[in-house]
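Colleague: Quick one: the structure is below, and I'll ask about it shortly.
The values are calculated or read from the model by the stated rules, or taken from the named source; none is laboratory data. In this text the structure is predicted, and so the values were computed from the model without any measurement. Note: ideal-geometry Cβ built from the backbone for every residue, glycine included; neighbour counts use all protein chains shown. We work out accessible area using only protein heavy atoms, side chains counted, and drop any ligands, DNA or RNA first. Shrake-Rupley method; radii C 1.70, N 1.55, O 1.52, S 1.80 Å.
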Amino acid sequence: MGAFVGLIKKDLTVALRRKETFVSMVFFAILILFIMNMAIGMGEKISPDMAAGILWVAVLFSSISGLGSTFSMEKTNRCIDGLLISPVHSATVFLAKMTVNLAFLSLAEMIIVPLFLVLYGNHVQSLHLSLLLIILLLNLGLTSIGTLISGITAGSRRNDVLLPILLFPVITPLIAFTIKATGALFAGAPFQEYAPWLKLTAAFALIFSTAGYFLFEHVLREN
Amino acid sequence: MSRIRPIGLLSSVSIALFALSIYYVLLVVPVEREMGIVQKIFYLHVPMAITGFIFFFLAFLFSIFYLKRQNRKWDIFAASSVEIGLLLTTLVLITGSIWARPIWNTWWTWDPRLTATFILWLIYSAYLILRLSVDNEGKRAVFCAVMAIVGFVDVPIVFLSARIWRSIHPVVVKTRSIAIEPKMGIALLLFMAAFISLGAILLWLRTSLSIFEGKLLSLEKQGGN
Amino acid sequence: MAAGDKQPVVRVEGLTMEFHGIKALDDVGFCLGRGEFLSLFGPNGAGKTTLLKILGFLLKPTAGHVWMNGQEPDTRNGNARKEIGLVSHNSLLYDDLTVMENLEFYASLYGIVNPGERIEALLGRVVLYRQRHLMVKILSRGMQQRLSIARSLLNEPSLLLLDEPYGGLDPSASAMLTSHLKELRDQARTIIMVTHDLTRGLEVASKVGILSRGKLVFLQNTDGINPENLSDHYHRHLEVH
């Protein structure tokens, strides 16, 4: 437990001092929101599903820079050797990194989601607190597999390009579930109507957290 | 010379199977009433899809073996399986398109099975890009093994999500309901056997090529010192 | 071992590491008692790093055994790693954390509760106490290396592994490192250092070994060995193999 807390505390302290990761996460999302607006065209009405799609595409792209940097910080000065030679279990490292990624992503969304509502509010017919649940489940799914794959790409030559190349195909189902649920919520559907999608999102998060928990050991050792 | 024999035998069997399948499909199986002659591509399309899927499953198994044993052989088997699976999946997408043009009146539609197959294609193409992006052999083997496992675990979720996605949209295309006649069934099975034998041959050739490549490389390394 | 009936701290037997058909290590064996300092020399690709990784339980050998304090540690078990310390040419330190924060973090990895006193004592020993609240990134390379030594001693390891610790140090920092290493040796720590610097390696060692193509082709106590004849041995062994 001490190691788990120590790892998280260390990552958060470093991130707090190097603000560029977080700033670029938010900035990237703002850019996507803006570009998407150009893609829609002036004054066009879009469906709730499409609005939901825009939000999650923005979040997805912004998550990449966060996921990439939490792992690659261990490569500077080969800190990762310090982790590997220590008695800490690699699964603990996985859970700590996933928690940190979850925290960063949630923090970025605290800015991205309200901003989305300001920019695209007129396409959103209805809003409900269960949006927070959708966000949480998406974040869990995204950071579970994202943490594992960021470990792989940190060990490759082309870290920044490779992360989305490997990550995006695998998480298409997760994005599909989330967009469907959010679209229904934006359209004013009752919770029961999109609850099944949330169950699928939760299942996705569970499956890939388990996969990460067991596979991270191999990934960590090769870095 | 004796090393070449089993593969030669398998090749003869495969060629015979393909010849028989093509003869059977073209001359024995009746032309389907509604879709006409184009429907016959179906006998290629479905066995290729299933065989491709079998090879992705093999890649998954070989990758688990690699992580357990760290034996280079399993990495080569996994990579070769992905390549063969991807080749077949590409052909599935192409034959699907050719079939869709006259039947659905479009080359491409976001039908759930097409979409899912396309995502599958993306996942395993990414796997091959990863192979190109890591130089160190041991590292590459481990990373790719992890991705092959993750990719295969994702497959059922991908198919499920594609199905659910469609259930919300208006149903543009009715599900193809083809009453499988015994002759059609036999044609499918024949092509199935033909593609599995072809896949086995490709796996054999591809893995032995990689193993020789590895041997050559290690010889070069030893000589270079 | 000659040292009475005392257990050797580390005993290695028949260590072989085969990877994808190439032998990185080939039947390596040696034995180190308490307070012994082994310097291992060899060109790149001789298997030095592989040996260190096996001793640090990062790799499982294809064949052979490693005993620590008379027991064969279970590599799946993190506890075996509590007996190991590592100093390499990379600092393994976080640039954006202070000296204290770095050591506190590593202490947490080893499950050390209330590490304050131990950290302060270690910082005193490597003469960094006054810099304890400075960020690592503004420390000189030499200071970082001293901090690395403090870091590696946090868990009071039975075996200290040094991986090219002189890499990237200027002459005065190197001299400082040498004096620290001598101090560690005199405190009866067991140390294995991997380096290709013959002179420095010999200066601090009580035993020297030469690895060539995965084989330990030379292993001797340092009595009667001087830089000249060590260099002769080194070149002769590398040519023969």
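Colleague: Hey, can you rank C:200-208, B:79-87, B:127-135 by average C-beta count inside 10 Å, highest first? Don't skip to the answer; put the middle values down first.
Modeller: On the way: C:200-208: 20.3, B:79-87: 22.9, B:127-135: 17.6.
The peptides rank, most packed first, as B:79-87, C:200-208, B:127-135.
Colleague: Taking a probe of 1.4 Å, how large is the accessible area per residue of chain C, in Å²? Mind showing how you got there, number by number?
Modeller: Working: 10500 Å² over 241 residues.
So chain C comes to 44 Å² accessible per residue, rounded to a whole number.
Colleague: Over the residues of the stretch A:2-222, compute the C-alpha Rg and express it relative to 2.2 N^0.38 Å.
Modeller: Working: Rg = 17.8 Å, N = 221, 2.2 N^0.38 = 17.1 Å.
Output field value: 1.04.
Colleague: Does the protein assembly as shown come out rounded, prolate or oblate by the C-alpha gyration tensor, with a ≥ b ≥ c the root eigenvalues, rounded set by a/c under 1.5 and, if not, prolate when a/b is larger than b/c and oblate if not?
Modeller: Values: a/c = 3.08, a/b = 1.49, b/c = 2.07.
It comes out oblate by the Cα gyration axes.
Colleague: So what is the calculated 222 nm ellipticity per residue for chain A, using -39500 (n - 2.57) for each DSSP H run with n of 4 or more, over all residues, to the nearest 500 deg cm²/dmol?
Modeller: On the way: 8 runs with 184 residues, N = 223.
After summing the helix terms and dividing by the residues of chain A, the value is -29000 deg cm²/dmol.
Colleague: What do you get for the angle between helix A:191-221 and the principal long axis of chain A? Use alpha-carbon atoms, 0 to 90 degrees, nearest ten.
Modeller: Helix A:191-221 sits at roughly 20 degrees to that axis.
Colleague: I need the shape label for chain B. Rule: rounded when a/c is under 1.5, else prolate if a/b > b/c, else oblate, with a, b, c from the alpha carbon gyration tensor. Please report the intermediate quantities before stating the final value.
Modeller: Numbers: a/c = 2.86, a/b = 1.48, b/c = 1.94.
Oblate shape, in that a/c is at least 1.5 and b/c is the bigger or equal ratio.
Colleague: Taking amide H atoms as placed 1.01 Å from N in the peptide plane, list the residues 5 or more away in sequence, or in a different chain, whose amide H sits under 5 Å from that of residue C:88.
Modeller: Long-range HN contacts for residue C:88: C:163.
Colleague: Relative contact order of chain B: what whole-number percent is it, with Cα pairs under 8 angstrom and at least 6 residues apart? Kindly include the intermediate steps, with their values, before the conclusion.
Modeller: Values: 201 pairs, mean separation 74.5, N = 225.
33 percent.
Colleague: So what J values fall out for the stretch C:221-228 if you push phi through Karplus, 6.51 cos²θ - 1.76 cosθ + 1.60 with θ = phi - 60°, rounded to Hz, Gly and Pro as x?
Modeller: Working through the residues one at a time gives 5, 7, 4, x, 9, 10, x, 5 Hz.
Colleague: Please tell me which of these pairs span more than 23 angstrom C-alpha to C-alpha: A:10/C:53; A:9/A:199; A:75/C:182; C:23/C:48?
Modeller: On the way: A:10/C:53 25 Å; A:9/A:199 31 Å; A:75/C:182 30 Å; C:23/C:48 12 Å.
Table pairs above 23 Å Cα-Cα are A:10/C:53; A:9/A:199; A:75/C:182.
Colleague: On the full set of protein chains, 1.4 Å probe, figure out the accessible area of residue A:98 and give it in Å² to the nearest 10.
Modeller: 20 Å²
Colleague: Return the sequence-ordered ³J(HN,Hα) values of the stretch C:57-72 in whole Hz as given by the Karplus equation 6.51 cos²θ - 1.76 cosθ + 1.60 applied to θ = phi - 60°, using x for Gly and Pro.
Modeller: 6, 8, 10, 9, x, 5, 8, x, 9, 10, 10, 10, 6, x, 10, 8
Colleague: Right, here's the next one. What percent do you get for the relative contact order of chain C when only Cα pairs under 8 Å and 6+ apart count? Walk me through the intermediate numbers first.
Modeller: Details: 441 pairs, mean separation 68.2, N = 241.
This gives 28 percent for chain C.
Colleague: Would you kindly calculate the mean projected area, averaged across all directions, of the convex hull enclosing the Cα atoms of the stretch B:4-54, in square nanometres?
Modeller: Details: hull surface 17.6 nm².
Average projection, Cα convex hull of the stretch B:4-54: 4.4 nm².
Colleague: To make sure I understand the rule: partners must be aspartates and glutamates, Cα under 18 Å from the Cα of residue B:215, and not fewer than 8 residues away in the same chain. Which ones qualify?
Modeller: B:75, B:135, B:137, C:18
Colleague: Just report the Cα centroid separation between the stretch C:1-74 and the stretch B:115-133, whole Å.
Modeller: Centre-to-centre (Cα) distance: 41 Å.
Colleague: Let me ask you something else. Looking at chain C, send over the antiparallel percent of its DSSP beta bridges, to the nearest 5. Let's see the in-between values first.
Modeller: Numbers: 20 of 38 bridges.
In chain C, DSSP labels about 55 percent of beta bridges as antiparallel.
Colleague: Which three semi-axes in whole Å describe the equivalent ellipsoid of the stretch A:1-114, each the square root of 5 times a Cα gyration tensor eigenvalue, listed largest first?
Modeller: Details: eigenvalues 246, 34, 23 Å².
Ellipsoid half-lengths, sorted descending, are 35, 13, 11 Å.
Colleague: Quick one: helix B:5-23 against the long Cα principal axis of chain B, what's the angle to the nearest 10°, folded into 0 to 90?
Modeller: 10 degrees
Colleague: What residues have an amide H closer than 5 Å to that of residue C:218, excluding those fewer than 5 places away on the same chain, when H is modeled at 1.01 Å from N in the peptide plane?
Modeller: C:210
Colleague: Follow-up. Using the crude model of +1 on Lys and Arg Cβ and -1 on Asp and Glu Cβ, and no other charge, please compute the dipole size for the protein assembly as shown relative to its Cα centre, in debye to 20. Don't skip to the end; give the middle numbers.
Modeller: Numbers: 61 positive and 49 negative charges, 190 e Å.
My answer is approximately 920 debye.
Colleague: Using only helices, what value at 222 nm comes out for chain B when you add -39,500 (n - 2.57) per DSSP H run of length 4 or more and divide by the total residues, to the nearest 500 deg cm²/dmol?
Modeller: Details: 6 runs with 177 residues, N = 225.
Using -39500 (n - 2.57) per qualifying helix, the result is -28500 deg cm²/dmol.
Colleague: Could I ask something else about it? Straight-line reach from residue A:45: which aspartates and glutamates fall under 12 Å, measuring Cα to Cα and dropping same-chain residues less than 8 apart?
Modeller: Here the aspartates and glutamates satisfying the reach criterion relative to residue A:45 do not exist.
Colleague: Could you give each residue of the stretch C:102-117 its phi-based ³J(HN,Hα) in whole Hz, using Karplus coefficients 6.51, -1.76, 1.60 with θ = phi - 60°, and x for Gly or Pro?
Modeller: Running phi through 6.51 cos²θ - 1.76 cosθ + 1.60 with θ = phi - 60° gives 4, 5, 4, 4, 5, 4, 5, 5, 9, x, 7, 8, 6, x, x, 5 Hz.
Colleague: Under a plain spin-label model, where a point goes 7 Å from the Cα along Cα-to-Cβ, how far apart in nm are residue A:130 and residue C:232?
Modeller: Going by the 7 Å Cα→Cβ label model, 8.6 nm.
Colleague: What Kirkwood hydrodynamic radius, in Å, does chain C give when the mean of 1/r is taken over all pairs of distinct Cα atoms and then inverted? Provide the component values of the computation, followed by the final result.
Modeller: Values: mean 1/r = 0.0539 Å⁻¹.
It works out to 18.5 Å.
Colleague: I would also like to ask the following. Which whole-number percent is the relative contact order of chain A (Cα, under 8 Å, 6+ apart)? Provide the component values of the computation, followed by the final result.
Modeller: Numbers: 242 pairs, mean separation 64.3, N = 223.
Taking the mean separation of contacting Cα pairs over the length of chain A, I get 29 percent.
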